[in-house]
1. For segment 161-183, give me the residue count where each residue is buried (at least 20 other Cβ atoms within 10 Å of the Cβ) and in a helix (DSSP H, G or I).
2. If a residue must be under 22 Å from Gln197 (Cβ atoms) and touching a residue at least 24 places away in the same chain (Cβ under 8 Å), how many such residues does segment 392-410 contain?
3. Failed condition for Thr280, given (1) in contact with a Pro (Cβ under 9 Å, 6 or more places away or on another chain); (2) within 24 Å of Glu169 (Cα to Cα), with all others met?
4. Looking at Lys466, Lys428, which is the one that is of a type in the set (Lys, Arg) and under 22 Å from Gly198 (Cβ atoms)?
5. Among the residues of segment 420-443, which ones are of a type in the set (S, T, N, Q) and either assigned to a strand (DSSP E or B) or exposed (fewer than 15 other Cβ atoms within 10 Å of the Cβ) (or both)?
6. Within segment 251-272, can one find any residue that is assigned to a helix (DSSP H, G or I), buried (at least 18 other Cβ atoms within 10 Å of the Cβ) and among the aromatic types (Phe, Trp, Tyr)?
7. Which residue pairs have Cβ atoms closer than 6 Å, lie 6 or more positions apart in sequence or on different chains, and pair a first residue in segment 104-133 that is part of a helix (DSSP H, G or I) with a second residue that is among the basic types (Lys, Arg)?
Amino acid sequence: MNNLLLTSLESIIDSFPKSFSEAQLAKAKTLFYKKMALRMHTFYGGKMQTILKAPIFGFNWFNVWYTPGVSAVSTAIRDNNNTSFELSNRNNLVAIVSDSTRVLGDGDCTPPGGLGVMEGKAMLMKYLGGVDAVALCIDSRDETGEPNADKIIEFVKRAQSSFGAINLEDISQPNCFKVLDILREECNIPVWHDDAQGTACVTLAGVINALQLVNKKMSEIKIVLYGAGASNTSIARLMIADGANPDNIIMFDSRSALHKNNMRYKDNPLFYRQWELCQTTNPECITTPEEAFKDADVLIALSKSGPDTIKTEWIKLMAEKPIVFVCANPVPEIYPYQAKEAGAYIVATGRGDFPNQVNNSVCFPSILKGTLLVSARKITDGMAICAAHSIAEFAKNRGIHVENIMPNMLEWELFPKVAADVALHAIKEGVALKNLTWQQVYDTAKQDISEAQELTLLLQEKGHIKPIEESVIREVIQEVVNAIET
């Protein structure tokens with residue numbers, strides 16, 4: 001393999017002209033990853049495939065794996081549906097369900113438009129968690145042409161018999177709230193909404209470590225939440241459950257601040273999560289960013305892509321050593337260098353090409369793996385908080401600093417640890433059907449993750465996953481340079 005391909009893609013930015021400003025370099029990196037994504041997805045035809053897990057020793061083995069032998073499997077499951085978790089791949093199979101109405105920062109992309117993201121989730125589940133997954137992008141629109149939460153709920157309920165868990169993804173609000181809350185209670189298998197619970201989990205982990213670095217306590221900090229969608233409302237819920245004082249939390253949506261006098265949410269039952277926060281946070285009814293940011297310790301923004309959504313003037317109003325999480329994709333609400341220039345002490349984003357990436361990928365593969373291994377019937381907020389502390393603890397044990405508060409996806413030892421911690425917490429909460437030890441979960445998760453990664457490497461070495469020509473990457477780099485310069 002050539003030298004360029006052996007480097008991380010992040011190091012390729014050294015190929016960009018040294019004359020690029022910080023703003024030009026940030027735009028160039030975004031454009032590079034987008035152009036590379038299109039090239040690579042075209043080259044490989046997506047990124048997931050189905051591979052056998054059982055051997056074929058000869059032609060007659062088809063009589064065991066299929067008819068007539070498999071009839072015994074069908075009737076065994078008929079007589080006891082729970083044996084489907086033992087006699088099929090169901091206990092390690094997740095459905096990634098989306099109606100593609102809110103895909104990353106791109107909004108409604110039509111049902112098949114979400115396949116790139118959902119296949120990406122499946123890739124991460126397999127490579128980082130040893131979990132098999134399938135992308136299911138569905139049409140949730142009703143006769144009026146509007147997305148309908150009930151359509152998603154019905155689909156998941158009907159499909160759940162084939163899977164061990166459901167991962168909801170990229171469903172627009174307010175449908176996302178109703179879909180999750182109903183399915184969590186009414187499905188026979190665990191349902192996880194990664195945009196909400198996953199983002200809340202990793203954000204909490206990052207905040208825990210950031211607070212340690214600035215020597216502040218969760219119970220004492222003032223928090224501004226910018227954006228009032230599924231992610232930030234879940235972040236608020238988990239942070240409060242983990243010790244944050246709701247009186248010190250101020251949340252903004254795209255039009256105003258949330259508080260008890262905000263009647264827009266009281267009169268709209270679809271946004272009940274926001275109305276709950278209106279009643280429990282911001283008791284002083286602060287309405288302007290200037291008031292909210294004054295002496296704030298932490299900003300968590302999950303709103304509109306920047307780079308000018310969060311103003312430098314607001315960050316300058318924050319308390320000593322402010323912590324700034326700006327996690328909109330694909331462009332953060334303010335670029336990290338701008339936030340630092342305004343006085344931010346720790347800056348985190350949702351992107352891997354900046355320090356302190358707050359990425360769901362460090363939590364959902366292991367949370368789902370731990371959940372599946374003990375056959376938990378649901379994923380509780382307590383399990384998500386447990387995962388956050390497990391992630392934060394892992395990072396602290398290997399060392400943290402202002403530009404490295406979170407583990408990254410390459411630190412594979414993280415994933416079996418979090419899986420085992422979450423599994424034991426599920427047992428403690430009484431939602432698990434299997435009573436395994438921490439070590440049993442850890443060893444199984446570690447083995448499954450190792451096998452998934454070794455299989456990928458083997459396919460690459462054998463040429464079954466085709467190599468990339470270095471010239472392709474250099475072409476993309478030149479296209480980006482030309483675009484930025486013109």
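The values are calculated or read from the model by the stated rules, or taken from the named source; none is laboratory data. Remember, predicted model here, so these are calculated numbers, not experimental data. When we count neighbours, we look across all protein chains shown, and the Cβ atoms used for this are built from the backbone with ideal geometry, even at glycine.
1. Qualifying residue count, segment 161-183: 6.
2. 8
3. Only one criterion is unmet by Thr280, namely (2).
4. Going through Lys466, Lys428 in turn, the sole match is Lys428.
5. Asn435, Thr437, Gln439
6. Yes, segment 251-272 contains a residue that is assigned to a helix (DSSP H, G or I), buried (at least 18 other Cβ atoms within 10 Å of the Cβ) and among the aromatic types (Phe, Trp, Tyr).
7. Glu119/Lys47; Met123/Lys47; Gly129/Lys369
Let's see how each residue does on (1) modelled with pLDDT under 95; (2) on the phi > 0 side of the Ramachandran plot:
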{"residue": "Ile208", "(1), (2)": "no, no"}
{"residue": "Val214", "(1), (2)": "no, no"}
{"residue": "Met218", "(1), (2)": "no, no"}
{"residue": "Gly229", "(1), (2)": "yes, no"}
{"residue": "Arg237", "(1), (2)": "no, no"}
{"residue": "Gly243", "(1), (2)": "no, yes"}
{"residue": "Pro246", "(1), (2)": "no, no"}
{"residue": "Ile249", "(1), (2)": "no, no"}
{"residue": "Ser254", "(1), (2)": "yes, no"}
